[in-house]
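Report on the following structure.
The values are calculated or read from the model by the stated rules, or taken from the named source; none is laboratory data. Fair warning: this is a prediction, and the values are worked out from it, not measured in the lab. Virtual Cβ from ideal backbone geometry, glycine too; neighbours counted across all protein chains shown. For the accessible areas, the whole protein counts, side chains as well, though only heavy atoms, and no ligand, DNA or RNA atoms are used. Shrake-Rupley method; radii C 1.70, N 1.55, O 1.52, S 1.80 Å.
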Amino acid sequence: MYQTKYHRASSVDEAVSLFGKSSEAKFLAGGQTLLPVMKQRLASPSDVIDLGKIKELQGVELSGDTLTIKAGTIYYDIMTNADVKKAIPAIAHLTSVLGDPAVRYRGTIGGSIANNDPAADFPAALLALGATVKTNKRSIAAEDFFQGLFSTALEDGEIITAVSFPVPAKAGYEKMRHPASRFALTGVFVAQTKSGEVRVAATGASQSGVMRVPAIEAALKANWSPSAIDSVTISANGLLADIHGTAEYRANLIKVMAQRAVAAAG
Amino acid sequence: MGVEGIGARVVRKEDKRFITGKGRYVDDIKMVGMTHAHFIRSPHAHAKVKGIDSSAALKMPGVVAVLTGREIVDDKVGNLICGWAITSKDGSPMKMGAWPAMAPETVRFVGQAVAVVIAESKNLARDAAEAVVVNYEELPAVADVQAAIKSGAPQLHPEAPGNQVYDWVIGDEGATDAAFAKAANVVKLDVTNNRLAPNAMEPRAALADYDAAEEHFTLYTTSQNPHVARLVLSAFYNIAPEHKLRVIAPDVGGGFGSKIFIYPEEMVALWASKKVGRPVKWTGDRTEAFLTDAHGRDHVTHAEMAFDANNKITGLKVKTYANFGAYMSLFSSSVPTYLYATLLSGQYNIPAIHAEVIGVYTNTTPVDAYRGAGRPEASYLIERLMETAARQLKVDPAQLRRSNFITQFPHQTPVIMAYDTGDFNASLDAAMKAIDYAGFPARKAQAKAQGKLRGIGVSCYIEACGIAPSKAVGSLGAGVGLWESAEVRVNPVGTIEILTGSHSHGQGHETTFCQLVAERLGVPISQVSIVHGDTDKVQFGMGTYGSRSAAVGLTAILKAMEKMESKAKKIAAHALEASEADIVIENGEFKVTGTDKAIALPMVALAAYTAHNLPDGMEPGLKESAFYDPTNFTFPAGTYICELEVDPGTGKTSFVNFVAADDFGRLINPMIVEGQVHGGLVQGIGQALLEHAIYDANGQPVTASFMDYAMPRADDVPSFNLSHTTTLCPGNPLGIKGCGEAGAIGASAAVINAITDAIGKNNLEMPATPDRVWRTIHAA
């Protein structure tokens, strides 16, 4: 690791102010990506601003049909939260298959979506549920927030404060775990909103990061059942291919995981 | 004898320090004035080193020195050696290129060191390393073994034309051809044994200290065999004569073979400590472990098995290409020859075998012994062949094996090995019963109704452990003897120290070796301590690998114990005014049999050291040593059966049951044996399903971190159902065969046989990743 200056911010405002004063600062959430990358000397921020102790970034709220998860909430707390389990159990499930216990005790929802790893789990949930990303400056729809591999709508120094999910009628997430990293080799989140809209998002599959899957959405709109997806064809074009999965395999996984997610959603 | 004797499930003594963070590993050791080394490694698989400019680095804070490959060669530090000479079929010796500890001219794999920075801290060394400019001229590279033997392939070493190290044969080609000419059926199989990265939990490390006044070196290092390290460093690398070099392997966090070898980093640390006049520490990180710890396996094999009309095996032909990587590591040459081809008879009566092994250089990390070393490759090949044969001949795979089992012992195979004992039917029976083999078809049908593909796979392995005797291995080209030494010191107060040449890096010797003493003397194991891993304390030792510590190392302790007990009995008899022949040892006392006369061990020990009243002519003291050279290998064997389900939608494998019935001879501590089997099985399953060290066509490693290299985790493997069938090894007095590698040797074939049974297709390479299984299911 290169030398860096560590700051522990006690409020979002303080974090933003610290960021403004440093030349090449990075915000530290759970550190599940940033710290390994720094250790490998692939990142060398002048300053690291730790958001982990900011109280206003912690917690879960259920208000009417909106579930709000504060950005600094760790996966374990999301997984075990009663409101999450009641309102959107698919999110509790997603969190339970995310990484391993060590990751779940450190990693945060805000850190995950800010990093926007193309194989991360949470981006699929946000996109499929039509969530809104709240920052210290504005609200951003999930569609607009994720902008390709490791790229988001966040501006320099902008901090995610929370994610708001409209509570769906039905939702499910199924994932084929990457055998080494435990990221999603492919994961699919399916949701049916209370107004009957169907939204399906796949992560880990596309070369452009998390994506909607219109063909499956159309099939499920017509008939919300796993068998409705039987006749859907997913093209391997534009899908990731690596030592753990060919593009054709990932195309298959999009379909299979979607079917299982629908089955899980009920 | 007693609750802590042989056969008792004694809790491991050493675990208190390990699980409370009190283990003392090389990196925990700090010395006054210690400096830190960081190696500058080649990013290219094959390149000329045109120049190294360290001028900027030398001006950086805390930098003590930047040393290069040219300097280590100029200082006449020896090239790394390969300690087992193999002769090709044309009678020529194996052809090897030079391997300097740091490359002065040419790098041949990604990660090979070209220079080292010595600095006041690890981070400063790393900072400075980034300022060293190495000018490389890239050369074409080759990573794949079959590509490397093609004409026109990039050539690694001028000494080895065609990248060929040797072309070695074993067995009777004429007899084998004759068997095939008469065969009723011939079964053919192409098999790749995937390359693995060992990944011990503790990365390799070295701390070297040169004492200029005494001209003496001390090396703390992560070694499975510190005495062998000292011998090689002295005799071949010109570091220092043996009496001027102390090698200490303190707590070592796993080895699996990868810490047998003497690596460039240890040599450089020693050499550099003299150059800079200060202690030098190097602790590898995980990336360095992936790049530079000797890899395992990497065979490509074509095999054919001949059967007569009664489904009896009549012959076996094998041709294997073994990828050695860029250099010949310390025991690499023996792995695909004497540790592999000599086990090709498996558990079966095979009248004629002929095997040819072609060793090949490629621009990859050197390959050497890794848990099982050659025997997993042999067992996997034979057990895949037997499964393939059963499918082709349409007979039950268990029955085909049974009808070809060796049942008479001793049995001389056509490939050197003479199996001393075994009962292969017993382990097959035990495993079949444990898994309810007869009930499998019903379970398969039930799974099918639920959309799952269920399969069962049998693997009947045999291995050769405790490599021996020294005379025999010497005649086959080994550069060392393979005995073991031990010393028993009874202190004047009756506590006991056992000094052993075996080395524990996870095996639990501090417990099991004490159990032998408890067994013989009836003393609690708390009165016994085990000393190992220090060349200044232990007279000599060959170390721990090849499942040899119990069969060879513990027998050496037994021999020393017998000598000590004989003397102690004389002292006791003298004190009790009885005949030596009437003295028995029970519960820590020397008793006159049939009487209530007794003297406790501490009093015997005290008498030995006070020497006030010893038998006439007896030397004082109570300390004996022994060297033990076995008469033969030992032959652990057993049957593993795996039942699993494949999800046709994803190709993912889920275990239903995994049973292991092993014959390890006598067990010292069944709990520790189970732990060894569990670990071995996980490594075997890891090879079958997950692990693969991959290079791209240009020799760039693709799997140099745990983000890409899939190590098995607890939830990847099932709970194991273990049992033992026992035939005592006649080759050593304790009847021990060894248990350290069996799991890794037998498991992978059981898994692949089960998956291929489930999906109804026979050809499937390891690792059987979900993607690969899914593609195999859906292949035309």
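Before moving on, here are some points about what is shown:
- Filtered residues of region B:742-769 (kept if under 17 Å from B:VAL656 (Cα atoms), out of contact with any Leu (no Cβ under 8 Å at 6 or more places or on another chain) and either within 14 Å of chain A (Cβ to nearest Cβ) or open to solvent by 30 Å² or more (accessible area, probe 1.4 Å) (or both)): B:ASP757
- Condition check for A:SER11: away from chain B (no Cβ under 14 Å), more than 17 Å from A:SER164 (Cβ to Cβ) and not charged (D, E, K, R): yes
- Filter result for B:MET60 (touching a Ser or Thr at 6+ places or on another chain (Cβ under 8 Å), part of a loop (DSSP other than H, G, I, E, B) and closer than 21 Å to B:LYS275 by Cα): no
- Check on B:LEU270, touching a Ser or Thr at 6+ places or on another chain (Cβ under 7 Å) and either touching a residue at least 24 places away in the same chain (Cβ under 8 Å) or within 14 Å of chain A (Cβ to nearest Cβ) (or both): no
- Checking the stated criteria, A:GLN207 turns out to be outside the structural domain of A:GLN32 (by TED's automatic domain parsing), at negative phi, open to solvent by 60 Å² or more (accessible area, probe 1.4 Å) and not hydrophobic (A, V, I, L, M, F, W, C).
- Strands (runs of 3 or more DSSP E) completely within region A:1-107 that count 2 or more residues being over 18 Å from A:ASP156 (Cα atoms) and out of contact with any Phe, Trp or Tyr (no Cβ under 6 Å at 6 or more places or on another chain): A:5-8, A:60-63, A:66-70
- Selection count where residues are over 26 Å from B:ARG108 (Cβ atoms) and among the β-branched types (Val, Ile, Thr), scope region B:364-392: 2
- Just so you know, in region A:34-71 the residues that are within 14 Å of chain B (Cβ to nearest Cβ) and touching a residue at least 40 places away in the same chain (Cβ under 8 Å) include one that is least open to solvent (accessible area, probe 1.4 Å), and it is A:ARG41.
For (1) open to solvent by less than 30 Å² (accessible area, probe 1.4 Å); (2) more than 20 Å from B:SER625 (Cβ to Cβ); (3) modelled with pLDDT under 95, each residue gets a yes or a no:
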residue: B:THR495; (1), (2), (3): no, no, no
residue: B:HIS505; (1), (2), (3): yes, yes, yes
residue: B:PHE513; (1), (2), (3): yes, no, no
residue: B:GLY533; (1), (2), (3): yes, no, no
residue: B:LYS563; (1), (2), (3): no, no, no
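- Considering B:SER379, B:SER334, the condition of being modelled with pLDDT of 95 or more and out of contact with any helix residue (DSSP H, G or I) (no Cβ under 8 Å at 6 or more places or on another chain) is satisfied by B:SER334 alone.
- Test: residue in region A:227-242 that is open to solvent by 40 Å² or more (accessible area, probe 1.4 Å), charged (D, E, K, R) and not in a helix (DSSP H, G or I): yes
- Criterion applied to B:GLY91, B:GLY152, B:GLY171 was being of a type in the set (Gly, Ala, Ser), free of Cβ contacts under 8 Å to residues at least 40 places away in the same chain and within 24 Å of B:LYS317 (Cα to Cα), and the one residue passing it is B:GLY91.
- Filter result for B:ILE86 (over 25 Å from B:ASN123 (Cα atoms) and at pLDDT 95 or above): yes
- Positions within region B:52-63 being aliphatic (A, V, I, L, M) and either open to solvent by less than 50 Å² (accessible area, probe 1.4 Å) or out of contact with any Asp or Glu (no Cβ under 9 Å at 6 or more places or on another chain) (or both), in sequence order: B:ILE52, B:ALA56, B:ALA57, B:LEU58, B:VAL63
- Filtered residues of region A:243-266 (kept if closer than 19 Å to A:THR193 by Cα and either within 9 Å of another protein chain (Cβ to nearest Cβ) or open to solvent by less than 20 Å² (accessible area, probe 1.4 Å) (or both)): A:ALA258, A:GLN259, A:ARG260, A:ALA261, A:VAL262
- All positions within region B:460-492 that are among the charged types (D, E, K, R) and under 27 Å from B:GLY422 (Cα atoms): B:GLU463, B:LYS471, B:GLU484
- The sole residue among B:VAL107, B:VAL32, B:VAL49, B:VAL3 that is of a type outside the set (Ser, Thr, Tyr), surrounded by 13 or more Cβ atoms within 10 Å (Cβ to Cβ) and out of contact with any His (no Cβ under 9 Å at 6 or more places or on another chain) is B:VAL49.
- Only listed residue being open to solvent by less than 30 Å² (accessible area, probe 1.4 Å), farther than 24 Å from B:SER334 by Cβ and among the small types (Gly, Ala, Ser), chosen from B:ALA181, B:ALA128, B:ALA143: B:ALA128
- Selection status of A:SER17, at negative phi, touching an Asp or Glu at 6+ places or on another chain (Cβ under 8 Å) and surrounded by fewer than 18 Cβ atoms within 10 Å (Cβ to Cβ): no
- Filter result (open to solvent by less than 10 Å² (accessible area, probe 1.4 Å), in a loop (DSSP other than H, G, I, E, B), away from every other protein chain (no Cβ under 14 Å) and closer than 25 Å to B:PHE324 by Cα) within region B:683-736: B:GLY699
- Within region B:289-323, being of a type in the set (D, E, K, R) and in contact with a His (Cβ under 7 Å, 6 or more places away or on another chain) holds for B:LYS317, B:LYS319.
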